[in-house]
Each structure stands twice: as C-alpha cells, then as structure tokens.
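> Once you've had a glance at the structure underneath, I'll fire off some questions.
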Amino acid sequence: MKPALPVRKIVLITIAASLFITSCSDETTIFENPEDNLVSETDQSKLDQSISFDRAGVLDILEDPIASAKKSSVTGKSEEEEAGDYPLSLVAQIAPPSFANGGNLAATHVALHGDYGYVTYNTVGEEYVGAIDVVDISDPTSPRVTSRVYYTNADLNSIAYDNGYIYVAGGVDAEQSVTATANSLVAKIAVSGGRMNTSNIAYGFQEGFNATDVRIINNNVVVTSGQDGFVVMYDKNDLSVLNEAAFSDLRSVAYNGSEIAILDAAQGVNFLDQNLNTTRSLAIDSDFGIDAKRTLDFLNENIIVSEGAKGAGVYHATSGNFIEYLPILTSPENAEPGEIVTNGVAVNENVLLMANGAGGLSLSEIKDDQTVGVGVIELTGSINYVASKGDYIFAASGKKGFQIIKLNRPDESLVQRCKDLSPYFGSSFLNINSGVDRAYSGYKRFYTINVAGNLLLCGSWSVSNGVTINDGGLFEMKGTIVVGRNYKRRNVVINSGGTLRVEGNLTIYGDLVLGDGAAIEFIGEDDVVNIFGDVTRGTNTTVEGTFRDVRGAF
C-alpha cells in the first residue's frame, strides 16, 4: 500500500508513494492496448456539469496595504488607492472528476496547447485512482470539457502535449496490474479535436515509487520518478528506452533548448546533457517535503526552483550562483504550519506566477531583470500547481479542481490604434464629471467607474463594483472590460440620455440596465457581449450594431 500522506493541504496533488518493488529496472517494458483499469466517460452532460461559473468574474490582486491610506467605512477601499495593473478575471472552475470508487480526486497538472488544456488528476491516500480531462478553451466565454478518461489503478501526476499526442506520467499499483512491471508509468495517448483515442495506448514502466514529471525534448520523452527512481529518456514514437540514470528523489524536469535540468529533492538541481550525463550540479539546502510536488523552470539565464517554505529560489543556471529568493507574499492566519509553501512556478512573458499552497497564487512582474512582487490573486483553495500560456493562467487547487484565469492582455492592434493616448494612472475610483473629457489607454483594475462627461478607455480593464453612466454621459471603450463577479454581481447602469459605445468584448457579471432614452452601441466588426444577468430596458432605449450575444441576454 501507499504510505499515508502528511496531513497538509498542499499535498492534495502530491506524488503519493507506493509499495517498493525490489526487482531491478535495467529496461522498461512497453505494452500496447491494455484494456484493464481504463474507463472513458461517454455522458456529455456529466462533462458539461464539471464547469462552474459560480465564482467567475473580476479578480482582485491583494497587495500590501499602504499604512497611511484611509479606508472607506463603506467600501473598505481607499479613495486614494490607485487603479491596479493586471485586470484579471476568473473564467470558470473545473470540478475534479468523480465516479464509483473515485470520489477523492485532486487536480495535479495541466498542459496547454492551442485551443485546449489537458488536465491530470490523482488521489490522496492509499488508492491509485486518476483521470485526464481535455478542456476546450477556444471560446473564453464558455470553456467545455470535451473528453475524460478514468484510471482505476493509476495516479496521474504530470502531462505534456506534442504533435497530436498527450504523454502522462504517474504511479500504478504494479501488484494489482496485469501489465505493469514497476510502479512508475508513462502513457502515450492520441488526441484529436479535443477527444482522446484510447484504442491504442502505449505504456512504459520504470523504477521509482511514482513518476513525477514528463517533458517532450526534441524527439524524446523524458520522465522522472521519485524515491529510488530514475530519469529515463524514451523514444516518443514507440516509448522504447534510449537511456536512463538513477537518482534519489526526482520531482521535476525542465529544458531550455540546450540542456536538461532535473530537481532532486535529496540534493538540488542537476544539469544533464542529451545522454543524461550530469554535467554539473547545484546543491540546494532546502526542505522539499516528503512526496510533495515541486517544479523548476528556466528564465533566460536563470533557473527558478520551488523551495517550499522558502518560496522560489533564483539561481544563475550556468554558474550556479544564488541570486535571490522570491518570497511568499501572504501568510493567512488560519493556515496550518507547512501549508504555506511554494509548490510550483510558471513564467509567461513578463509575468512570474508562484503556486504557494495555502498562501495562494502570487503574481510578480519581471522588469529589467528584476522581479517585483505585485500581489496575491484572489482565488479560493490551496494553490498547488500553475501553468500559463498566451492569455491564460491555469491554477490547480487540489480538490477544488482547476481554475481558468484570463490575463485580459490588450490586443496588439488595439495598442497600435491607441498609441497616442496617455496611459491611465490614478484612483481605482474613476469619476468623470459633467463637462470633462478624458481618454486613456492601459491595462488596469478599477473599483468603480462613474461617467457624467465623456470617457474613452482603450485597452483591457476590470471593474469589481460596477459602472454607472449618468444623464448625458458618454463612455466609449475599445478592447476588453469585465464587470462584477458571478457570486457578487454588479451592474452596468446607463441612465437617461447616457451612451455606452463598445468596440471589443463586454462581460458583465450582473445586469445591464438601460434607463429611459439610454443607448448602447456596438461599433466593431467582431464585438462580443457576455451578460450573466438580465438586460433591463426603459422606454425609448437604443441598441445598435451587430454583436455576438453569448448568453442570449438581449
């Protein structure tokens, strides 16, 4: 049996240990088409029910409060508080799969490619049960789970995508399997159009308590396994073993285009050549935890290592010189000791994300080779893994599943058209008085927007507490704006004689209220409106232009 896991919430996605297999592992055996222990979900309604919009909407970023700021007794906000960068929004949450004998699954990893996210799950405790989801994110307003496979005798801890196939790594109870020769597995599954084809799955097995990570490197698949395990290089075509090397306790593998890095919890980081020979080592004196997920990633000339309670360590990849620790930005009072640890890191252009367990998901900004902490994204659950690509962040929160976050970065063409506008710097309470004409570009988070004069916003924006356009006011927006949250709905109100002019994407977690004589105009060619509440119209209101009404609110 697998030993019991430590009582720590962060290990909802830990790599659970299994019974040690005493036989040697000089070769990895490949099996084709094993039919045991695999179930495909065919009920599309069950897949649809996995998506929840209950907490969708504007996400705040919790920054260090300014001691001198005076907070409003009504809003809890400072009137002088500046509008924040990064107007993020939570698109949806994906609940972990649940089926007979598989009701304790937790999200472990995600691979992002094109219009799809590929998600793995495992089970805390002694059972070996896992699953894979394919999530269609081509329409950011309406993600869908399009395919799901259950494993009744395997934990799945990591996943990678390459050229029409997904590669999953995990652990299997070899004593209960008719095919497994060791407890660490890798599987190659064909996927097309958002659906997995389970008719011809190739498997490989290697020594180690559990396979912890998988990475596609050129034409090869590199898999690490935990205690008493190996790093193994497979041919990605047939999963035949090309090379292997033994290590004490491997957790993760990374690749920067020229060399491989592996994280050994017993020693630190080892850098390998293409033949898996160690070229140099970076000793790290940190407690990486027992069976806990820890990742590493290259960032330009540096390598970033998840180091548990210390946060993320940054080292020069060539010299091994220590550069800095990126600290965990929050310490919730109700968290148990050991819950606030950095489990994973992800880099997306100038954004660095840290999954800090009970300490949440922190966002930092990379500026001029320096990393500056922005704050902690307002999410529920213990954040145990993070991946980011393009305009999306996927955060694993164990039994709460995966949370899909949109960065809402400004479109480049939009930036070009609005390049002569000054960027907005100012209060998160944006008020445009009657007779005032203002125009800004940018990428900000607001608390409220009130318009009595004329306002043009060009870029990406979020508003947590509603938008009001007063009598005779004109609010023009080009780009993206997200208002409210699904669990705390806020409205966009256009009063008598007011006008809202939209070119781009308008999302409202609440109602759109048009007073008598109010107008909303869609002037773009591909405008999208996504209203989670109702559209209320007074007399003599005007709705002009063509647009895609995602939820049929109009």
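The values are calculated or read from the model by the stated rules, or taken from the named source; none is laboratory data. All figures in this text were calculated on a predicted structure; none of them were measured in a lab. No Cβ is skipped: glycine too gets one built from the backbone with ideal geometry, and neighbour counts run over all protein chains shown.
> Which condition number does Phe271 fail, the rest of (1) surrounded by fewer than 18 Cβ atoms within 10 Å (Cβ to Cβ); (2) more than 25 Å from the chain's Cα centre (by Cα); (3) not small (Gly, Ala, Ser) being met?
Result: Phe271 passes all but (1).
> How many residues does segment 246-281 hold that are in a strand (DSSP E or B) and under 18 Å from Ile303 (Cβ atoms)? Before you say what the answer is, go through the steps one by one.
The first filter runs over segment 246-281 and keeps only residues in a strand (DSSP E or B), leaving 246-255, 260-264, 268-272, 278-281.
Among the residues that remain, those that are also under 18 Å from Ile303 (Cβ atoms) are: 247, 250-255, 260-264, 268-272, 278-281.
So the answer is 21.
> For segment 367-383, which positions are in contact (Cβ under 8 Å) with a residue 60 or more places away in the chain and crowded, with 16+ Cβ neighbours inside 10 Å?
Val374, Gly375, Val376, Ile377, Glu378, Leu379, Ser382
> In this structure, is Gly459 in contact with a helix residue (DSSP H, G or I) (Cβ under 6 Å, 6 or more places away or on another chain) and assigned to a strand (DSSP E or B)? Working first, answer last.
Numbers: in contact with a helix residue (DSSP H, G or I) (Cβ under 6 Å, 6 or more places away or on another chain): no; assigned to a strand (DSSP E or B): yes.
So Gly459 does not fit the description; no.
> Do any strands (runs of 3 or more DSSP E) entirely within segment 465-554 hold 2 or more residues that are buried (at least 19 other Cβ atoms within 10 Å of the Cβ), touching a Cys at 6+ places or on another chain (Cβ under 9 Å) and not aliphatic (A, V, I, L, M), and if so, which? Quick ask: steps written out before the conclusion?
Numbers: elements: 467-469, 474-484, 492-494, 499-509, 512-514, 519-522, 528-531, 535-537, 542-544.
Because the criterion is at least 2 residues that are buried (at least 19 other Cβ atoms within 10 Å of the Cβ), touching a Cys at 6+ places or on another chain (Cβ under 9 Å) and not aliphatic (A, V, I, L, M), the strands (runs of 3 or more DSSP E) in segment 465-554 that meet it are 474-484.
> Do any strands (runs of 3 or more DSSP E) lying entirely in segment 348-452 carry at least 2 residues that are within 20 Å of Ala111 (Cβ to Cβ), and which ones are they?
Once the strands (runs of 3 or more DSSP E) in segment 348-452 are filtered for at least 2 residues that are within 20 Å of Ala111 (Cβ to Cβ), what remains is 351-355, 385-389, 392-396, 402-406.
> Would you point out the residue of segment 40-59, among those that are of a type in the set (D, E, K, R) and part of a helix (DSSP H, G or I), that is surrounded by the most Cβ atoms within 10 Å (Cβ to Cβ)? Break it down into steps so the answer makes sense when it comes.
Step one: filter segment 40-59 for residues of a type in the set (D, E, K, R), giving 41, 43, 46, 48, 54-55.
In the following step, the residues that additionally are part of a helix (DSSP H, G or I) were identified as 46, 48.
Values: Lys46: 14, Asp48: 11.
The residue in question is Lys46.
> Is it the case, given these coordinates, that Tyr165 is modelled with pLDDT of 95 or more and among the hydroxyl-bearing types (Ser, Thr, Tyr)? Write out each step before concluding.
Numbers: modelled with pLDDT of 95 or more: yes; among the hydroxyl-bearing types (Ser, Thr, Tyr): yes.
So Tyr165 passes the test.
> Name the residues in segment 489-500 that are at pLDDT 95 or above and not β-branched (Val, Ile, Thr), would you?
To start, the set of residues in segment 489-500 that are at pLDDT 95 or above comprises 489-495, 498-500.
Result: Arg489, Arg490, Asn491, Asn495, Gly498, Leu500.
> Select from segment 347-365 the residues that are under 20 Å from Thr330 (Cβ atoms) and out of contact with any strand residue (DSSP E or B) (no Cβ under 6 Å at 6 or more places or on another chain) and list them in ascending order. Walk me through it before giving the result.
The first filter runs over segment 347-365 and keeps only residues under 20 Å from Thr330 (Cβ atoms), leaving 351-365.
Scanning segment 347-365 gives Val351, Gly357, Ala358, Gly359.
> Taking segment 146-166 as the search range and keeping residues that are of a type in the set (Val, Ile, Thr) and in contact with a Ser or Thr (Cβ under 7 Å, 6 or more places away or on another chain), which one is farthest from Leu296 (Cα to Cα)?
Taking segment 146-166 first, the residues of a type in the set (Val, Ile, Thr) are 146, 149, 152, 159, 166.
In the following step, the residues that additionally are in contact with a Ser or Thr (Cβ under 7 Å, 6 or more places away or on another chain) were identified as 149, 159.
Working: Val149: 28, Ile159: 15 Å.
Checked segment 146-166; the qualifying residue farthest from Leu296 (Cα to Cα) is Val149.
> Something else about it: Report, ordered by the first and then the second residue, all pairs with beta carbons closer than 7 Å, sequence separation of six or more or different chains, a first member in segment 299-321 that is touching a residue at least 60 places away in the same chain (Cβ under 8 Å), and a second member that is among the β-branched types (Val, Ile, Thr) and in a strand (DSSP E or B).
Leu299/Val347; Ala317/Ile303
> Within segment 227-238, which residues are buried (at least 20 other Cβ atoms within 10 Å of the Cβ) and either closer than 18 Å to Leu272 by Cα or at pLDDT 95 or above (or both)?
Result: Gly229, Phe230, Val231, Val232, Met233, Tyr234.
> Ok, one more. Consider segment 224-245. How many of its residues are touching a residue at least 24 places away in the same chain (Cβ under 8 Å) and part of a strand (DSSP E or B)?
Selection size over segment 224-245: 14.
> Would you say Val451 is over 30 Å from Ala358 (Cα atoms), surrounded by 21 or more Cβ atoms within 10 Å (Cβ to Cβ) and touching a residue at least 40 places away in the same chain (Cβ under 8 Å)?
Numbers: over 30 Å from Ala358 (Cα atoms): yes; surrounded by 21 or more Cβ atoms within 10 Å (Cβ to Cβ): yes; touching a residue at least 40 places away in the same chain (Cβ under 8 Å): yes.
Yes: the conditions hold for Val451.
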